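Asker: The structure is given below, and queries will be raised subsequently.
Every number here is computed from the coordinates shown, using simple stated rules; none is lab data. Remember, it's a predicted structure, so these values are computed and weren't measured experimentally.
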Amino acid sequence: MRIGELARRTGCKAVTIRFYEAEGLLPAPERSGANYRDYGDADLDRLEFVMHCRRHGMGLEEIRRLLVFREHPQRDCTWICELVGERIRQLDRQIASLGHLKGHLQRMLDACDGSGDGEGCGVMRMLNDRGACCAACDRCDEAAAAASGEPPRHGRTGSGK
């Protein structure tokens, strides 16, 4: 099958399939006489495995390791259990950070009745005055960073005290 058919059958975009090839998660496919990529059932199966791993939050390096194990299984899969356990811990941290962020957003919403202009709007007041928003919490930057995937912006350490 060609890349378009593989993409259609898996729901994975062709550009992503090419990316996975470049990253070594998929082997370089056979080429037709017209230099089109030709994929087989093994490629389909491997791509579906990669996509399943990605849906479960696995990174590229983790997937590489899982693919090696899949192709050469060993008796000890302890490291895979540790990998999934760490992913669960990461999710717990992210959920806590998102809950914290939700609390801040709710306080902003509660501070606004929708009748103020730019200066009278409770949400805008809180966004303009970081101290008003974050006075009770030294984790604000940490929570926002974890939720967005960006580093904290205000130089706080986010100790959570």
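Asker: If you wrap a convex hull around the C-alpha atoms of the range 3-71 and split its volume per residue, what is the figure in Å³?
Answerer: 82
Asker: Considering the Cα trace of the range 13-115, what is its radius of gyration and what is Dmax, both in angstroms?
Answerer: Rg and Dmax of the range 13-115, Cα atoms, are 20.7, 68 Å.
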